[in-house]
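These notes concern the structure reproduced below.
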Amino acid sequence: MNPKPYLLHARLRPDAAPDFDTYPFNIPAVRDIERIKFHADVTFFVGENGSGKSTMLEALALGLGYSQEGGTRNARVQTVQSVSPLHESLRLARSFARPRNGYFLRAESFFNVATYLDDINRYPAVPPTPSLHSCSHGEAFMAVLLEKFHGQGLYLLDEPEAALSPNRQLVALRAIHQLVQQDSQFIIATHSPILLAYPGARILYFSASGIDEVAYEDTEHFATTRDFLNHYPRRIQQLLAGDGDGDEDEDEDKRA
């Protein structure tokens, strides 16, 4: 029997009494939570900055027992008090199986997690693990993905592409697929059209009208990137001119 998905769905607790005039419940996507159903392999959260996707991912992580700044469930990293109360109002439904491995990775606090790992490995009984601070930001991200994720895991990733070149994003996509084949489940908040191309993934679009499932080619990330790459000289000219001219040509190009 397939153990996945480890996390089935999330919804607001029936006894929750959130104030919809205050953060984060004033975010349209958060207000729209009825039930978020997760794919057994990969679920993506997409949307503009401020749409609530990272807030939702953080709430899931806290509800699952992770530290607010990330790492494994054993990591206790807390350098700032900036957690939203959303996790207190969520009810998470899990399957009969429990993941053997897990990690919450968020771009904005990865430096703090790397420092924490250096501190706890300062006097190891075995040959020391290389410091993540000895790597570039992107190399450190890849080291976590390739060395800390062991399969049969539930992994929450917040904008993992932030430190990765396009080529490294392709490597990360392959690593994610290999872990999926090893009975892992991923929930990823991202802006990357490369990562979003993972076949069969559930893509949840966070917007001013709520949360909707969308197809890959219907995402703004795909459409905008394809349009720019296909017409970049004209798009750059229009963007830098800043006078609004060329809208008709832009519509014609998109139809093409």
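If the requirement is being at pLDDT 90 or above, out of contact with any Phe, Trp or Tyr (no Cβ under 7 Å at 6 or more places or on another chain) and under 25 Å from Leu60 (Cα atoms), which of these qualifies: Gln152, Gln237, Gln185?
Result: Gln152 is the single residue among Gln152, Gln237, Gln185 that is at pLDDT 90 or above, out of contact with any Phe, Trp or Tyr (no Cβ under 7 Å at 6 or more places or on another chain) and under 25 Å from Leu60 (Cα atoms).
Can you list residue pairs whose Cβ atoms sit under 9 Å apart, with the first residue in region 156-169 being more than 23 Å from Arg73 (Cα to Cα) and without any contact (Cβ under 8 Å) to a residue 40 or more places away in the chain and the second being of a type in the set (Ser, Thr, Tyr) and assigned to a strand (DSSP E or B)? Count only pairs 6 or more apart in sequence or on different chains.
Taking only residues 6 or more apart or on different chains, not a single pair turns up.
Considering only residues that are assigned to a loop (DSSP other than H, G, I, E, B) and of a type outside the set (Ser, Thr, Tyr), look in region 183-198 and name the one that is farthest from Val214 (Cα to Cα).
Among those that are assigned to a loop (DSSP other than H, G, I, E, B) and of a type outside the set (Ser, Thr, Tyr), it is Asp183.
Confirm whether Ala16 is farther than 30 Å from Ala175 by Cβ and either touching a residue at least 12 places away in the same chain (Cβ under 8 Å) or in the same structural domain as Phe96 (by TED's automatic domain parsing) (or both).
yes
So which of Arg122, Arg168 ends up being at pLDDT below 90, out of contact with any strand residue (DSSP E or B) (no Cβ under 8 Å at 6 or more places or on another chain) and of a type in the set (Lys, Arg)?
Of Arg122, Arg168, the one residue that is at pLDDT below 90, out of contact with any strand residue (DSSP E or B) (no Cβ under 8 Å at 6 or more places or on another chain) and of a type in the set (Lys, Arg) is Arg122.
From the list Ala189, Ala163, exactly one residue is closer than 24 Å to Pro3 by Cα and surrounded by 14 or more Cβ atoms within 10 Å (Cβ to Cβ). Which is it?
Among Ala189, Ala163, only Ala189 is closer than 24 Å to Pro3 by Cα and surrounded by 14 or more Cβ atoms within 10 Å (Cβ to Cβ).
Scanning region 21-71 for residues that are hydroxyl-bearing (Ser, Thr, Tyr) and either surrounded by fewer than 16 Cβ atoms within 10 Å (Cβ to Cβ) or outside the structural domain of Ser89 (by TED's automatic domain parsing) (or both), which turns out nearest to Pro3 (Cα to Cα)?
This residue is Tyr23.
Does region 163-181 contain at least one residue that is in a strand (DSSP E or B) and out of contact with any His (no Cβ under 7 Å at 6 or more places or on another chain)?
So far as region 163-181 goes, no, none of its residues is in a strand (DSSP E or B) and out of contact with any His (no Cβ under 7 Å at 6 or more places or on another chain).
The values are calculated or read from the model by the stated rules, or taken from the named source; none is laboratory data. Model, not experiment: these values are computed from the prediction. Neighbour counts run over all protein chains shown; Cβ positions are idealised from the backbone, glycine included.
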